[in-house]
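K.L.:
Sending over a structure as structure tokens; questions will come in a sec.
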Amino acid sequence: MDKKRAMTSPDTTLDNPEATEPALATDSLRFVLVDDEVQFIETFAKLLHHQGHEVNVFYSGSAALQFLAKQPQAIDVLVTDFAMPQMDGLSLIQRIRALGVNAMIAVMTGFAQEGDEAKFLHAGVDFVLIKPIRVGQLLAKLAERRQVGI
């Protein structure tokens, strides 16, 4: 499913307990989220959007790559799953970095193995998040990275 959807209005009917997490003091960021788990990534996108961020959602690496090839400077943060069919997160990141995308990049994984984090960092990933993740966890990592000027 190579679908893309942009969040354009806040969802005030979130029944996910994460929606009650306090918003962190961060600027509004432009996110691209990539995951083939549609329900998970849609919920995650709603929570980010609810906190004032612009979010574009893609269900495949190839769809995200097509979007970023046309607008490589259109995002601040890429969050991608590692294990996806056809193009995994690592391949997506390598191709995005080759396009000159200078966004912060986080990889989400539920299947990390020894040595994976070093492989991700070498490919240009800023940090790795182990699923299940919370929006507050992602925003805290981003704020931490921005404070130290990374």
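K.L.:
Tally the residues that are within 14 Å of VAL77 (Cβ to Cβ) and among the small types (Gly, Ala, Ser), restricting the search to segment 43-64.
P.N.:
Matching residues across segment 43-64 total 3.
K.L.:
Checking ARG95 against (1) surrounded by fewer than 15 Cβ atoms within 10 Å (Cβ to Cβ); (2) over 23 Å from THR43 (Cα atoms), only one condition comes out false. Which one?
P.N.:
The single condition ARG95 does not satisfy is (1).
K.L.:
So which of ALA83, ALA64, ALA143 ends up being surrounded by 13 or more Cβ atoms within 10 Å (Cβ to Cβ) and in a loop (DSSP other than H, G, I, E, B)?
P.N.:
ALA83
K.L.:
Same structure, new question: Which condition from (1) assigned to a loop (DSSP other than H, G, I, E, B); (2) crowded, with 18+ Cβ neighbours inside 10 Å; (3) not small (Gly, Ala, Ser) is the one that LYS46 breaks?
P.N.:
Among (1) assigned to a loop (DSSP other than H, G, I, E, B); (2) crowded, with 18+ Cβ neighbours inside 10 Å; (3) not small (Gly, Ala, Ser), the lone unmet condition for LYS46 is (1).
K.L.:
Looking at (1) modelled with pLDDT of 95 or more; (2) farther than 26 Å from GLU117 by Cα, which one does VAL79 not meet, given that it meets all the others?
P.N.:
Condition (2) is where VAL79 drops out.
The values are calculated or read from the model by the stated rules, or taken from the named source; none is laboratory data. Because the structure is a prediction, the values reported are computed rather than measured. Don't worry about glycine lacking a Cβ; one is built from the backbone with ideal geometry, like all the others, and counts go over all protein chains shown.
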